[in-house]
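All of the numbers you see were taken from the coordinates with simple rules; none came from a lab. Keep in mind that what you see is a predicted model, and the values were worked out from it rather than measured. Virtual Cβ from ideal backbone geometry, glycine too; neighbours counted across all protein chains shown.
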Amino acid sequence: TFTQVRSISDALHLSFHVPYWISAIILTLLVGFITIGGIHRIAAVAEKVIPFMCVFYIGGVVLILVTHLPMIPHVLKIVLASAFDIKAVFGAGMGVAMKMGISRGIFSNESGLGSAPIAAAAAQTDSCVEQGLVSMTGTFIDTMVICTMTGLAILITGANTSGLEGAAVTSLAFNRGLIIPFIGEYIVNIGLIFFAFTTIIGWNYYGERCMYYLAGIRSIKIYKIIFIILIAIGPFMSLQFIFILADIVNGCMAIPNLIGLIGLRKEVIAETEEYFKEENTCSIEELSI
């Protein structure tokens, strides 16, 4: 959660010149108010914020790509040529690229961490297979679609040569790519604030469920207090240290989860085959009618 807290603080500081200590107070109060309210309040906030965030951000990216449409084939050619260059494939850069790509990809879509299924388990559905199929689309939409669109926008506008990183390089791409000056900075940073905030309250719910399983319902209150205190610390931590910490804890989550997936592979295959068998049977019966 430190990553999201620091990202929100940076966005507020860059776009609205809000001091980090004020960001810490605001975030601590907001997260405390929502988390104490429980899952229903979390769901209500996410339901209102996420669609607005998606339209806000994706609309800006699409506008950049549409207004620079002739440049897209050239940029894609550069991407493919760079990816399959002999030096890139066999050189030391390949290891660095894989490390960065895998760690940031996991950080983006949570694939293999075992965290997203905690939210999926709370869904109102009669079929675990249907919910699994829905959850699988998140990886494709988030990483393959949204991240690819963002990358193209950065390359098309030449923001990748600026030396900036993270939200700053994306903000520059939006400022250069959109017709109205300086609006891009606000689109990126406001969208980042909404996205990161919903991620924070989502992670809080994940932690609550884990604590309930491990130590019972009484432990949740203690967990919430610790979680809220750590929110207040986040804005003052080094971003480099936060990402190192995130990579470590992601590894600690992924290893036992992947072992569990391997151990449960037969159950997964059996449930999936049974589901599609029933679906095919229903389809044949409907056709007969």
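Brief remarks on what is shown
- By the count of other C-beta atoms within 10 Å, a proxy for reagent exposure, Thr161, Thr139, Thr148 are ordered fewest to most as Thr161, Thr148, Thr139.
- Cα-based shape type of region 148-289, given that a ≥ b ≥ c are square roots of the gyration tensor eigenvalues and the cut on a/c is 1.5: oblate
- Extreme residue, positive dipole direction of region 2-288, given options Ile78, Phe52, Gln240 (C-beta unit charges): Gln240
- Taking 20 Å as the straight-line reach from the Cα of Lys277, the aspartates and glutamates in range (excluding those fewer than 8 positions away in the same chain) are Asp126, Glu130, Glu267, Glu285, Glu286.
- Calculated mean residue ellipticity, 222 nm, the chain: -27000 deg cm²/dmol, from DSSP H runs (n ≥ 4) at -39500 (n - 2.57) each, averaged per residue and rounded to 500.
- Sequence-separation-based contact order of the chain, relative, with Cα cut under 8 Å and 6+ spacing, percent: 36
- Axial C-alpha extent at least 27 Å, average Kyte-Doolittle at least 0.5 - helices from the chain (DSSP): 39-67, 183-215, 239-263
- Footprinting exposure proxy for Arg176, Arg104, Arg6, Arg265 (fewest neighbouring C-beta atoms within 10 Å first): Arg265, Arg104, Arg176, Arg6
- The candidate values were (1) 0.94; (2) 1.13; (3) 1.03; the one computed from these coordinates for Cα Rg over 2.2 N^0.38 Å carries the label (2).
- Placing +1 on each Lys and Arg Cβ and -1 on each Asp and Glu Cβ, with no other charges, gives region 2-288 a dipole about its Cα centre of roughly 1060 debye.
- Each of Glu279, Glu47 was scored by other Cβ atoms within 10 Å of its Cβ. Listed from fewest to most, they are Glu47, Glu279.
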